[in-house]
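Working notes, structure below.
The values are calculated or read from the model by the stated rules, or taken from the named source; none is laboratory data. Please read all numbers here as calculations on a predicted model, not as lab measurements. Cβ: placed from backbone, ideal geometry, glycine included. Neighbour counts: every protein chain shown. Please note that ligands, DNA and RNA were not included when accessible areas were found on the heavy atoms of the full protein model with its side chains. Shrake-Rupley method; radii C 1.70, N 1.55, O 1.52, S 1.80 Å.
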Amino acid sequence: MSNHIRFGAYLVEKGLITMDAVISARMHQRKNNRLIGELAKEKGWLTNDDILKILIIQEETFDKFGEIAVREKYLTREQVDALLKEQKDTYVYFGEALVKIGVISDEEVMKQLKEYNRQVLQKPE
């Protein structure tokens with residue numbers, strides 16, 4: 001197995017899920033895994049223009065959104081830390097998304113994830 005195959009492709013290859021299920025799970029993640037800019041805007045801490053300016057700086061510097069927001073004085077370090085914690089607390093992993101949309105059981109995801117990691121982490125001989 002290639003070390004670059006993603007978990008979704010691995011499950012499709014094994015015949016456990018379809019590519020439609022991969023797309024549905026990824027869409028579930030996109031809807032639920034919020035960006036810090038979105039979370040800050042929701043709290044009234046950033047405007048659309050603020051977010052756009054930070055993203056433009058990010059394109060040029062490759063720095064993290066939160067680092068730029070603090071450096072450019074759009075947010076405080078405490079605000080960024082709170083946003084990152086909220087983002088982490090609500091993050092939906094791919095396997096969780098598959099379970100949530102009902103295409104595979106939690107037990108099967110765990111079993112397959114262990115096997116996938118074992119194969120991916122195996123050193124080529």
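Considering only the other residues whose Cβ falls under 14 Å of the Cβ of Phe7, what net charge follows from Lys and Arg at +1 and Asp and Glu at -1?
Details: positive: Arg6, Lys14, Arg26, Lys111, Lys114, Arg118; negative: Glu13, Glu96, Glu108, Glu115.
Once all neighbours under 14 Å are counted, the net charge is +2.
Within the chain, what whole-number % of the accessible surface is contributed by carbon and sulfur, with the 1.4 Å probe and all protein chains included in the calculation?
So the carbon and sulfur contribution to the accessible surface is 54 percent.
Hey, of [x] 148; [y] 100; [z] 118, which did the structure itself give for volume of the Cα convex hull per residue in Å³ when calculated?
Label of the calculated value: [x].
How far, in nm, would the chain grow between Asn33 and Glu67 when pulled straight, counting 0.36 nm per residue and subtracting the alpha carbon separation? Please report the intermediate quantities before stating the final value.
On the way: separation 34, 0.36 × 34 = 12.24 nm, distance 1.96 nm.
Extending this stretch completely gives an extra 10.3 nm.
Given points 7 Å out from each Cα along the Cα-Cβ axis, report the Lys41 to Val92 separation in nanometres with one decimal.
2.0
May I ask for the net charge around Arg77, where only other residues with Cβ less than 12 Å from the Cβ of Arg77 are counted and Lys, Arg are +1 while Asp, Glu are -1?
That works out to -1.
Which net charge results when you count Lys and Arg as +1 and Asp and Glu as -1 among the other residues whose beta-carbon is under 12 Å from that of Ala25?
+3
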